[in-house]
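Asker: Mind having a look at this structure? Questions to follow.
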Amino acid sequence: RGLVEDMRRGLAAGEFFLEYQPRFDTRGRSVRSVEALVRWHHPERGRIGPVDFIPIAERSGLIMPLGEWVLRTACQAAAQWPAIGVSVNVSPVQFHNTDVAELVRRVVEETGFDASRLEVEVTEGVLLEDAERARNALGGLKALGVKLAMDDFGTGYSSLSSLRSFPFDVIKIDRQFINDMEDRDGGREVVQAILGLGKALGLSVTAEGVETVRQLTMLTADDCIEVQGYLLAHPMSLESVSTLLSGGG
Ligand code: G
Ligand code: G
Ligand code: MN
Ligand code: NA
């Protein structure tokens, strides 16, 4: 049996679930928002991570029902939390095949979630193939009050011009750059330059993949206001994040 068939069945059988990774304020260490990350509990293979099934979902078209499920599940969960944001990763394939703004409009209506608390994370792949279509979709999301983040910033080809020509609110610095910060050969300077770019363009900047105290100290000194990474919190279950957000952990 192939993974595509398994995935189709697993989606109907409730085998997919979300984990939530907090995004923290560097100063107060309070949680500013939470990123929803999908996982699969396969009945025979056990836990499978998104790098091993998102590409298959994208090739098979299953990313459409899966992506809709992720969005609805994250909004339903976040509607129960105090007023912090939730971010959801949306695949370029969803943008190319569906009206993502219409989907979000429908899901926030159904779940009663406030669209201004939702952030959609996209990678540059969204902008490359059909820029006009992407512009319309991103504009439609902005019109709903949804925030837009450019995910994995710095790893693609057109990051710099895209930041100006598309309505992004947030830059998420790819964890590769955070990982390089402690090197002597200019790793920190590259991150400082991205922070400066964000400031110049009026965008908020999130550092991803923060794993060491030294990285956090440097980012705080460099005026980065939001951080995410294993040092602060791993992706966690709905139960754990709910406890954290209600002040219990
Ligand atoms: O959670 P983890 O580090 O294993 O995620 C690996 C990759 O899978 C990341 O690039 C992340 O953005 C992506 N990913 C996680 N959840 C989702 C999701 O719900 N939809 C999409 N399209 N990608 C996701
Ligand atoms: O591409 P995206 O930024 O959406 O990917 C998020 C993924 O990064 C999640 O799957 C999450 O598990 C992973 N992640 C989160 N924090 C860290 C970290 O500190 N180090 C590493 N290596 N991965 C992380
Ligand atoms: Mn992301
Ligand atoms: Na990222």
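Each value in this text was obtained by applying a stated rule to the coordinates, not by laboratory testing. Just so it is clear, the model here is predicted, and its values are computed rather than measured. Cβ: placed from backbone, ideal geometry, glycine included. Neighbour counts: every protein chain shown.
Asker: For the stretch 146-166 and the stretch 63-127, compute the distance between their C-alpha centroids and round to whole Å.
Answerer: Centre-to-centre distance over Cα atoms comes out at 18 Å.
Asker: Give me the extension gain from ARG47 to ASP114: residue separation times 0.36 nm, minus the current Cα-Cα distance, reported in nm with one decimal.
Answerer: Separation in residues times 0.36 nm, less the Cα-Cα distance, equals 20.9 nm.
Asker: Can you show me the helix-derived [θ] at 222 nm for the chain, built from DSSP H runs with n ≥ 4 at -39,500 (n - 2.57) apiece and divided by the number of residues, rounded to the nearest 500.
Answerer: Dividing the helical sum by the residues of the chain leaves -14000 deg cm²/dmol.
Asker: Here's a follow-up. Going out from 0 in 5 Å bins, what whole percent of all Cα-Cα distances in the stretch 80-224 drops into each bin?
Answerer: Bins of 5 Å from zero give 2, 9, 19, 20, 18, 14, 10, 6, 2, 0, 0 percent of pairs.
Asker: Work out which helices of the chain, taken as complete DSSP H runs, extend at least 15 Å along their axis over the Cα atoms and score a mean Kyte-Doolittle of -1.0 or more, then list them.
Answerer: Both cut-offs are met by 63-78, 100-111, 131-144, 187-201.
Asker: Out of the DSSP beta bridges found with both residues in the chain, what percent are antiparallel (nearest 5)?
Answerer: Expressed as a percentage, antiparallel bridges in the chain total about 40.
Asker: Sticking with this one: Quick one: give the max-minus-min coordinate of the C-alpha atoms of the stretch 44-98 along each principal axis, largest first, in Å.
Answerer: Largest to smallest, the principal-axis extents are 36, 32, 15 Å.
Asker: Further question: Relative contact order for the chain: what is it in percent, counting Cα pairs under 8 Å that are at least 6 residues apart?
Answerer: Dividing the mean separation by the residue count of the chain yields 19 percent.
Asker: Pull out the extension gain between GLU15 and GLU182, defined as 0.36 nm times the separation in residues minus the alpha carbon to alpha carbon distance; nm, one decimal.
Answerer: Fully extending the segment from GLU15 to GLU182 adds 56.2 nm.
Asker: Using R₀ = 30 Å, calculate the FRET efficiency as 1/(1 + (r/R₀)^6) where r is the Cβ-Cβ separation of SER237 and VAL190; round to 0.05.
Answerer: According to the calculation, E is roughly 0.30.
Asker: Also, quick follow-up: Could you give the spread of the C-alpha atoms of the stretch 31-136 along their three principal axes, from largest to smallest, in whole angstroms?
Answerer: So the three principal-axis extents are 41, 35, 25 Å.
Asker: Can you put LYS147, LYS172, LYS199, LYS142 in order of Cβ neighbours within 10 angstrom, beginning with the fewest?
Answerer: Ordered by Cβ neighbours within 10 Å, fewest first: LYS199, LYS142, LYS147, LYS172.
Asker: Taking the DSSP beta bridges in the stretch 14-90 as the whole, what percent of them are antiparallel, to the nearest 5?
Answerer: Rounded to the nearest five, the antiparallel share is 75 percent.
Asker: Binning at 5 Å from 0, report for the chain what percent of all alpha-carbon pair distances ends up in each bin.
Answerer: 1, 6, 14, 17, 19, 18, 14, 8, 3, 1, 0
Asker: Still on this structure, I have one more. How large is the convex hull of the C-alpha atoms of the stretch 184-223 per residue, in Å³?
Answerer: Hull volume over Cα atoms, normalised by residue count, gives 65 Å³.
Asker: Extension gain ARG8-ASP169, at 0.36 nm per residue separation less the Cα-Cα distance, in nm?
Answerer: Here the answer is 54.5 nm.
Asker: For the residues GLU132, GLU211, GLU226, what sequence is obtained by ranking on other C-beta atoms within 10 Å, fewest first?
Answerer: Fewest-to-most ranking of GLU132, GLU211, GLU226: GLU132, GLU211, GLU226.
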